[in-house]
Amino acid sequence: MIRKAMLEDVPSIHALLQFYNVKGELLARPLSKLYDHLRDFWVFEDPGQKKVVGCCALQFCWENLAEIRSLAVDLDFTGSGIGSTLTERAIQEAFYFKIKDLFTLTYRPTFFEQFGFSTIDKNELPIKVWSDCIGCVSFPNCDEIAMIKKL
């Protein structure tokens, strides 16, 4: 079941992001940022276990620009379509808010290509996008791939 995230989901979201951060596949978010941006998140809850097994956020950056970020699925549920479902929901939400450019920074470009994203040079993104990057351990040598989808 896909739904908007609630306060009690933050520890589960944090754990998912931390797991993939340790593997070097995703940038972690501190708990304080997750609470600050909770309304950006969608979660996928396994109805049988009443457990959050996936998450994804749509964060607005500017009037016509948003980012899909923090997409993660519990390892036991990978390959079941949860990541695709969450991505599709974020794209639908971007359409609802009349976003024109939707981007992501990812280590898995082939996943996002199936949704119509194409690789771009990071320098094509506005400077405002990089505000979160300053605190990253990889800054300024970011190795994520920038991708964009025109809506």
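Residues of segment 1-22 that are touching an Asp or Glu at 6+ places or on another chain (Cβ under 9 Å), surrounded by 14 or more Cβ atoms within 10 Å (Cβ to Cβ) and of a type outside the set (Gly, Ala, Ser): 2, 9, 16, 19. When the residues of segment 84-100 are filtered to those that are closer than 14 Å to residue 55 by Cα and of a type in the set (Gly, Ala, Ser), the one that is farthest from the chain's Cα centre (by Cα) is 84.
Screening residue 68 on (1) touching a helix residue (DSSP H, G or I) at 6+ places or on another chain (Cβ under 6 Å); (2) modelled with pLDDT under 95 shows it passes everything except condition (2). The residue that is farthest from the chain's Cα centre (by Cα), among those in segment 59-83 that are assigned to a strand (DSSP E or B) and within 19 Å of residue 15 (Cα to Cα), is 73. Scanning segment 88-127 for residues that are touching an Asp or Glu at 6+ places or on another chain (Cβ under 9 Å) and of a type in the set (Ser, Thr, Tyr), we see that the one that is surrounded by the fewest Cβ atoms within 10 Å (Cβ to Cβ) is 119. Restricting 58, 34, 38, 71 to residues that are in contact with a Cys (Cβ under 6 Å, 6 or more places away or on another chain) and surrounded by 16 or more Cβ atoms within 10 Å (Cβ to Cβ) narrows the list to 71. The requirement of being of a type outside the set (Gly, Ala, Ser), under 16 Å from residue 111 (Cβ atoms) and assigned to a strand (DSSP E or B) is fulfilled nowhere in segment 11-24; no residue meets it.
The values are calculated or read from the model by the stated rules, or taken from the named source; none is laboratory data. Just so it is clear, the structure is predicted and the values come from calculations on it, not from any experiment. We place every Cβ from the backbone using ideal geometry, glycine too, and count neighbours over all the protein chains shown.
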